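Please read the structure below before turning to the comments.
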Amino acid sequence: MNIFKFEFKRLLKSCIIWSIVCSGLIILFMSIFPSMESSGMKELVIDKMSALPMDLLKALNIEATDFTNIFDYLSYAIQYIAMASAIYGAILGVNALIREESEGTIEFLYSKPIKRSKIIRYKLCSIVAIYFIYIIITCILTIGVSYIVKPDNINGIDLIINIKLLFSSILLLGYIFMAVGLLISSLIKSDKSSISIAISIFFITYFLGMVGRLKDSFEWFKYLSPFDYYVPSDILKNGFDTTFVIIGIFIIMVSIALSYIVYSKKDMKI
C-alpha cells in the first residue's frame, strides 16, 4: 500500500483550488498596478496613507511602501498571499495524522505491516510535496502577470529573481506552520476543529508579531511570530535574516521530532 501516493492524490484537488484562488488574488492586485503610476492615483494614495497613524502603517508593514514601485507593490500584495499560504500549510499539517482516526480508517492502516513512524513519514512527504507544488504554481503565475504589467525600465530578470526570493520565504513560512500543525495533529483526537485550529495558530502568532511591531518593550514577540521572520518587504530590501532562518529550521525539526514521539505513543481511537 502506497500511503504517499494515496495522500498525494487526496490532497491534489485542494492544492489546485488554493493555487487558483491565491493566483487569482495576485492577478487582481497586479492588474491594479498600472493605474498606480498615474499622477492622480499617486496623489490619492499618498493622501490616504498620510492620513493613517504611523503605528498602524508599521503594524501592517506598509510604513515605507511606494505603491508606484513594482517591487514595493509586490511585497505589499504578496504579504497577503504569505498569510494565506501559512494558513494552508497549517491546515495540511493539522489534518495530516488525525484524518484516518476521525474517519475510522486507522484500523485499516494498522491491519497492514507498517509502523507508525512510516505512516508519519509518508504523510509528511505527501504534504511537503503538495505545498511545494502549490508554491510553484502560484510563483509561476505571479511571475507571468507581473512581467506583463511591469514598467519598461524594470529588468525582467531582476523581477523574476525577486519574485522567486519572495516565494522561497513563503515556502519556508508554510513549512514552519505545517510542522507545528503536524505536532498538533499528533495530539488532538478529532479533525472536527482542525481548520479552526490551523487558522488560530496563524492569527495568534501574527497578533503577537503585530504587538511586537507596535511596542518596543514587546519587540521580542516577533520571535513568536514566524510571519515576522519573512516579511516580504524586509526580504526584498535586506534578504533573509540568518537568525530567523535558523530559528525557523529549529522549529520545524523540533515539531517533527515531537510529532514522531507523540504519535508513536498515542492511544488511537479505533
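Here the extension length gained between residue 199 and residue 160 equals 11.0 nm, from 0.36 nm per residue of separation less the Cα-Cα distance. How would the range 149-270 be classified by its alpha-carbon gyration tensor: rounded, prolate or oblate, with rounded meaning a/c under 1.5 and the a/b versus b/c comparison settling the rest? It comes out prolate by the Cα gyration axes. Cβ crowding within 10 Å, taken as a proxy for footprinting-reagent exposure, orders 172, 182, 25 from fewest neighbours to most as 25, 172, 182. Taken as Cα centroids, the range 217-270 and the range 126-172 sit 22 Å apart, rounded to the nearest whole angstrom. For the pair residue 117 and residue 140, label points projected 7 Å from Cα toward Cβ lie 3.7 nm apart. Projected label points at residue 245 and residue 4, each 7 Å from Cα along the beta carbon direction, are separated by 2.6 nanometres.
Cβ crowding within 10 Å ranks 33, 202 as 33, 202, fewest other Cβ atoms first. Neighbour counts of other Cβ atoms within 10 Å put 242, 68 in the fewest-to-most order 242, 68.
Read the figures in this text as sums done on the coordinates, not as results from a lab. These numbers come from a predicted model, not from an experiment. Using ideal geometry, Cβ is built from the backbone for each residue, glycine included, and neighbour counts are taken over all protein chains shown.
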